[in-house]
Amino acid sequence: MVTKRKCPNCQSTNHAKILWGLPANMKELEGELERKEIVLGGCCVSWDDPKWKCNDCGTRWN
């Protein structure tokens, strides 16, 4: 059985994977960014950065 990942704040399954770092080719990511499948997290990367962002409430989590 496949379970959908849920936002810990609002329980929505509408979320995006956070891409950290500086993407080499933004043209390749345009479609995923427009569909909100991924979001850019920034270029400063640490060990405990969140992996997901809720498209409904904005919560970020691992």
Q) Looking at this structure, is Asn9 under 10 Å from the mean Cα position of the chain (by Cα) and polar (S, T, N, Q)? A) no
Q) What are the pairs, 6+ residues apart or on separate chains, where a residue within region 49-62 that is within 11 Å of Cys10 (Cα to Cα) has its Cβ under 8 Å from a residue that is of a type in the set (A, V, I, L, M)? A) Asn55/Ala16
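FYI, it's all coordinate maths here, none of it is from the lab. On a predicted model such as this, the values are computed, not experimentally measured, just so you know. Here the Cβ is made from the backbone with ideal geometry for all residues, glycine too, and neighbour counts use every protein chain on show.
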